[in-house]
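Single-structure report; data block below.
The values are calculated or read from the model by the stated rules, or taken from the named source; none is laboratory data. The model shown is predicted, which means the values in this text are computed figures rather than measured ones. Note that each Cβ is placed from the backbone with ideal geometry, even for glycine, and that neighbours are counted across all protein chains shown. Side chains are part of the model used for accessible areas, which takes the heavy atoms of the whole protein and leaves out ligands, DNA and RNA. Shrake-Rupley method; radii C 1.70, N 1.55, O 1.52, S 1.80 Å.
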Amino acid sequence: MRGDGAHQVGTAQVLDGIPGSAGYAVGHALIVDTRRSGVVRRHVTTDSIAAELAHFDDAVARAGNELRVVLAAKQGQASRAETSILEAYVLMVEDETLRAAVEHKIQSAGVCAEWALDLAVAEMAAQLRQSGDPYLAERSHDFEFVEDRLLRTMAGKQGAIVLPKDGAPAVLVAHDLSPAETAGLSRERVLAIVTEVGTRTSHTAILARALEIPAVVGVPNLLARVGSGDLIVVDGVHGRVAITPSAEFIADTHARAGRFSDVARNRREARDRPIQTRCGQTVELRANIELPSEAEVALEQGARGVGLYRTEFLYLDRSEPPSEDEQYETYRRVVEVLAPLPVTLRTFDIGGDKFSSVFQVPAEMNPALGLRAVRLGLARQPIFLTQLRAMVRASAHGRMRIMVPMISSLGEWREVKRLYEQARREVESAGHAQSPQIPLGMMVEVPSAAVMAEEFAAETEFMSIGTNDLVQYTLAVDRSSPELAYLASFLDPAILRLVRMVIRAGKKCARPVLVCGAMASDPLAAILLVGMGLRELSMESSAIPEIREAIGNITVAEAEAAAEAAFAAETAKDIEHLLAERFGERLDIGE
Ligand code: PEP
Ligand code: MG
């Protein structure tokens, strides 16, 4: 539970935060002052506009170079997660849109470069925060880091954290750390990181995980409570820190740390091994992502590629659709980070519960049954074609396939195929490269598609079952209703029968079938899916280690026997019980 205050455990004062990077540490706190630089606020006259802009350009060039030096030092020894976050940071510092916004502020408001930067970033960050999407809101901090870096450079200050020379390794305590600050740290010098702000998806947390440094982020009032030199216990598993701990508390933490590092070592060793059942059958576990930066997290968690990239996030929080080039650059980055592993890009699934002002969809009585996903794509063909062209172009940079959501009839599918062929021809005549092999597949998430699975299988290259919507539409339960959650089970016999129809149809036509809905991220349901014949599952990255362990614990024969028993049961509860009875104890792997 997250609280804003501290509570007492023995002599220890325990502060709650958010688990940023798993692991435990006991050490002395080192407070680093990374508070944002003050902003110079000066009005300027028209004749100094050029000089202000030159001052800004100079800071961009110097900050960009400094970051490239950090990046070069990391090359070859850092993980892809670290280097690609730094690369993205360089791109943000040198971003043309940011420069244009700063130039506009200098001219229109008659203010100095520092002030103009502050105004421009405040506007961009506010837009992201107002999106209501926690991922985008988190990205607003990235702009603030970029601002801080540039302000420091303009003021002639240092960008990196300087740790005291030959000091003992310490627990770093800060208000916040920028990606470059975090990436510059090493496990030898830093026992753990604790910050006042941040979330699990903030770059501090992502990098701490890549560096395997325990971290707790988002600890309110941290700096008011901890001083440099204080003994501090960091619990990155549960997201807690303890100050003034007793000897007993410390001994208990050391014991937990020992157990944790055994489990972590096993998981690390497992990460690069194929994911297999106990009898040696390979099952490919892929990641579901929503933002390009999650591609790195997917790799960290051992994903064998991305099975679902929800691209609609590119369309939210803006009034004009993203251009072909902007989309191409974004998709290309994800495809390149994952290469040679495959990436499945899904065309936008807007409408229903995901609203975007790009499309100006009229208000509907039942948005989930309305102009959503592929229906919207077919109704706004120029926007759909732009996305298809951008995806086709990205295929030149790695292994990729394209998937279309919410297909409900064969006529609709044939129209999609026609547009896809058109997009390929247009990319070719524009002189851009593309892969000759881009499988085009559909999501099966509407009951009619499952019922017609054989006909669809004959005309698609792969099928991915979206159990979240399949449950919603089959059981007529709004997927966001907490009150009806008791009905919305992917273990409902009706769902299992539809899933089986799709698997059988895929087998008959030799088409790959996978599940990318939440069913795949539940250990017992994942075993059931293996028993039903699936060998490819896609899920949120954080579920991958647990599902890998679940699959590693069972044999295909056991999973098949469980599936057979499940099909004889009549309710979701019965199926849940029989799976828990057969596998529950084995999957209980403790902390
Ligand atoms: C699904 O419906 O199961 C799915 C994976 O798609 P989304 O959750 O994006 O609707
Ligand atoms: Mg869906």
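For segment 46-154, what is the convex hull (Cα atoms) projected area averaged across all directions, in square nanometres? Write out the running numbers ahead of the final one.
Working: hull surface 27.9 nm².
Reported value for the Cα convex hull: 7.0 nm².
With a/c under 1.5 counting as rounded, go ahead and sort segment 259-312 into rounded, prolate or oblate using the C-alpha gyration tensor (a ≥ b ≥ c being the square roots of the eigenvalues; past the cut-off, prolate if a/b is larger than b/c, else oblate). Please list the in-between numbers first.
Details: a/c = 3.51, a/b = 1.48, b/c = 2.37.
Cα axes put segment 259-312 in the oblate bin.
Taking just the C-alpha trace of segment 329-418, give me its Rg and Dmax in Å.
14.2, 45
If you plug each phi of segment 548-553 into the Karplus form 6.51 cos²θ - 1.76 cosθ + 1.60 with θ = phi - 60°, what whole-Hz ³J(HN,Hα) values come out, in order, with x for Gly and Pro?
These are the phi-based 3J(HN,Hα) values: 4, 5, 4, 5, x, 8 Hz.
Among 382-390, 514-522, 558-566, how do they line up by average Cβ neighbours within 10 Å per residue, starting with the highest? Write down the numbers at each step before the final one.
On the way: 382-390: 20.6, 514-522: 24.7, 558-566: 18.6.
Taking the mean over residues of other Cβ atoms within 10 Å, the ranking is 514-522, 382-390, 558-566.
May I ask you to compute the full-extension gain from Ser448 to Arg265, defined as 0.36 nm times their residue separation minus their alpha-carbon distance, rounded to one decimal in nm? All intermediate terms of the calculation are to be shown ahead of the outcome.
Numbers: separation 183, 0.36 × 183 = 65.88 nm, distance 4.60 nm.
Length gained between Ser448 and Arg265: 61.3 nm.
For segment 471-486, take each phi angle, set θ = phi - 60°, evaluate the Karplus expression 6.51 cos²θ - 1.76 cosθ + 1.60, and give the result in whole Hz per residue in order, putting x for glycine and proline.
Going residue by residue, I get 5, 4, 7, 6, 9, 6, 10, 4, 5, 9, 8, x, 5, 9, 4, 5 Hz, with x marking Gly and Pro.
Find the Cα radius of gyration of segment 271-587, compare it with 2.2 N^0.38 Å by division, and give the number to two decimals.
Numbers: Rg = 19.1 Å, N = 317, 2.2 N^0.38 = 19.6 Å.
Taking the Cα Rg and dividing by 2.2 N^0.38 Å, one obtains 0.97.
How many nm separate the modelled label positions at Glu96 and Thr244, each set 7 Å beyond the Cα in the direction of the Cβ?
5.8
Once amide H atoms are built 1.01 Å from N in the peptide plane, which residues 5 or more positions from Thr344, or in another chain, come under 5 Å H to H?
Val306, Gly307, Leu308, Tyr309, Arg401
Rounded to a whole number, what % of the accessible area of the chain do carbon and sulfur atoms account for, probe 1.4 Å? Don't skip to the answer; put the middle values down first.
Working: 13220 of 25230 Å².
That fraction is 52 percent.
At q = 0.10, 0.11 Å⁻¹, what is the base-10 log of I(q)/I(0) for the chain according to the Debye formula with one equal point scatterer per Cα and no solvent? Please give it to two decimals.
Log10 of I(q)/I(0), two decimals: -0.97, -1.15.
Quickly work out the Gln381-to-Arg189 label distance, labels modelled 7 Å from Cα along the C-beta direction, and quote it in nm with one decimal.
Output for this residue pair reads 6.0 nm.
Summing -39500 (n - 2.57) over the DSSP H runs of n ≥ 4 in the chain and dividing by its residue number, what mean residue ellipticity at 222 nm do you reach, to the nearest 500 deg cm²/dmol? Mind showing how you got there, number by number?
Values: 22 runs with 281 residues, N = 591.
After summing the helix terms and dividing by the residues of the chain, the value is -15000 deg cm²/dmol.
Taking only C-alpha pairs under 8 Å that are 6+ residues apart, what is the relative contact order of segment 327-413 in percent?
Working: 107 pairs, mean separation 40.7, N = 87.
47 percent.
Give me the percent relative contact order of the chain, please, defined on Cα pairs under 8 angstrom at least 6 residues apart.
Values: 1101 pairs, mean separation 77.9, N = 591.
Reported relative contact order: 13 percent.
When ligands, DNA and RNA are left out and all protein chains stay put, how many square angstrom of accessible area per residue does the chain have with a 1.4 Å probe?
Working: 25230 Å² over 591 residues.
About 43 Å² of surface per residue is accessible.
What is the sum of charges around Ser542, taking Lys and Arg as +1, Asp and Glu as -1, for the other residues whose C-beta is under 15 Å from the C-beta of Ser542? Mind dumping the intermediate values first?
Numbers: positive: Arg200, Arg209, Arg267, Arg271, Arg286, Arg548; negative: Glu290, Glu294, Glu296, Glu300, Asp522, Glu540, Glu546, Glu549.
Result for the neighbourhood of Ser542: -2.
Short version: ³J(HN,Hα) in whole Hz for each residue of segment 295-306, in order, from phi by Karplus 6.51 cos²θ - 1.76 cosθ + 1.60 (θ = phi - 60°), x for Gly and Pro, what are they?
4, 5, 4, 4, 5, 4, 7, x, 5, 9, x, 10
Quick one: length gained pulling Arg318 to Ala363 fully straight, 0.36 nm per residue minus the C-alpha distance?
Working: separation 45, 0.36 × 45 = 16.20 nm, distance 1.85 nm.
Extra length available between Arg318 and Ala363 comes to 14.4 nm.
Given contacts defined as C-alpha pairs under 8 Å and at least six residues apart, what's the relative contact order of segment 46-154, whole-number percent? Walk me through the intermediate numbers first.
On the way: 90 pairs, mean separation 34.9, N = 109.
With pairs under 8 Å counted, the relative contact order is 32 percent.
Which cross-chain or sequence-distant (5 or more) residues have an amide H under 5 Å from the amide H of Gln276, H modelled 1.01 Å from N in plane?
Amide H neighbours of Gln276: Val283.
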